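One structure is given here, and the rest of the page talks about it.
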Amino acid sequence: MATAAAPEQTSAIQRRMAQRSSLRRPPRVSEAVIRAFLLFSGLVSIFTTIGIVVVLFSDALVFFREIAQEGKLLEFFTGTIWAPEFERYGILPLATSTFITSVLALFVSVPLGLSAAIFLSEYATPRARGYLKPILELLAAVPTVVYGYFAVTFMTPLLREIFGIDVVDFYNMASAGLVMGIMIIPLIASVSEDALASVPRALREAAFGLGATQLETSLRVVVPAATSGIAASVILAISRAFGETMIVLLAAGAGPNFTVNPFKAAETITAHIARISTGDLSLEGMDFYSLFALGLVLFVITLTLNLISRWFVKRFREVY
């Protein structure tokens, strides 16, 4: 009987295998083509990024090697005069103005952006949120050149009216920084609102059950629980401010000027790169290679900020 049962078991196994094979989805050529296209797109983006970094480092290395041979490498980081045509390579004027405009932008964008995020997440009704959030994000769709002219035609006259014409230059870092902050508000608001919305409803209900008000629940429960996401939005905003070009190019002024007075004209790193690149520039001179050195400095700053953001999110992220 055992011998007779073996062929029946074998045939049953073969039938099950045939049924499983018949249930498999036949290969589709369209899916294979889409998969290949997605792979190609990913490889193109990766190799393009690698190519940009290689070109940036190689040309910047030419500049740093040349000034090292001249004994001016320390001057690049500590000098207060940037004039490559006269062999003066102090980056402090450009770096200082970049830092000042970015800090001013954060003073505007962080309080307003975080307040907007708290309102959208905790106070607004679903219908109001559906209207207000797209309207807020429209600020991100405005071209930066429009923000630049807005800074020149509105913010600068306003500052000169408040503080005086003798105090505020027509081109100044304050107007550029404040308008940059307005531009960055949607970035902080959107990312922070997503972080606040991810906080479980149970934490809010527990706070309400203990007698906390809406404001106390928002500021003492929800915001601390979303700290990692909020911090990531702020760091992303800093990176965006450091890399902004058109606003500072139009409103902050032209020409490196070493000053910490925000009402004075000064040129940022990005504005200097844009201004010099649009003129007659020899492709073999130090002026040309100095632009790659400035670009490398910006690259290192933004890369460092992104690494800090990733570490902060990983370190303080709370999973519910």
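The values are calculated or read from the model by the stated rules, or taken from the named source; none is laboratory data. Keep in mind that this is a model prediction, so the values were computed, not measured. No Cβ is skipped: glycine too gets one built from the backbone with ideal geometry, and neighbour counts run over all protein chains shown.
At a glance:
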read-out: Any chance Leu139 is touching a residue at least 40 places away in the same chain (Cβ under 8 Å), closer than 30 Å to Thr96 by Cα and assigned to a helix (DSSP H, G or I); value: yes
read-out: Lone unmet requirement of (1) at pLDDT 90 or above; (2) more than 27 Å from the chain's Cα centre (by Cα) for Leu94; value: (2)
read-out: All positions within region 104-120 that are out of contact with any Asp or Glu (no Cβ under 6 Å at 6 or more places or on another chain) and in contact (Cβ under 8 Å) with a residue 40 or more places away in the chain; value: Leu104, Ala105, Leu106, Phe107, Val108, Ser109, Val110, Leu112, Gly113, Leu114, Ala116, Ile118
read-out: Thr80 being within 30 Å of Asp287 (Cα to Cα), surrounded by fewer than 20 Cβ atoms within 10 Å (Cβ to Cβ) and among the β-branched types (Val, Ile, Thr); value: yes
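Residue by residue, here is whether (1) surrounded by fewer than 16 Cβ atoms within 10 Å (Cβ to Cβ); (2) more than 30 Å from Leu196 (Cα to Cα); (3) touching a helix residue (DSSP H, G or I) at 6+ places or on another chain (Cβ under 6 Å) holds:
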residue	(1), (2), (3)
Leu114	no, no, yes
Glu122	no, no, yes
Pro126	yes, no, no
Val146	yes, yes, no
Thr156	no, yes, yes
Tyr171	no, yes, no
Ser175	no, yes, yes
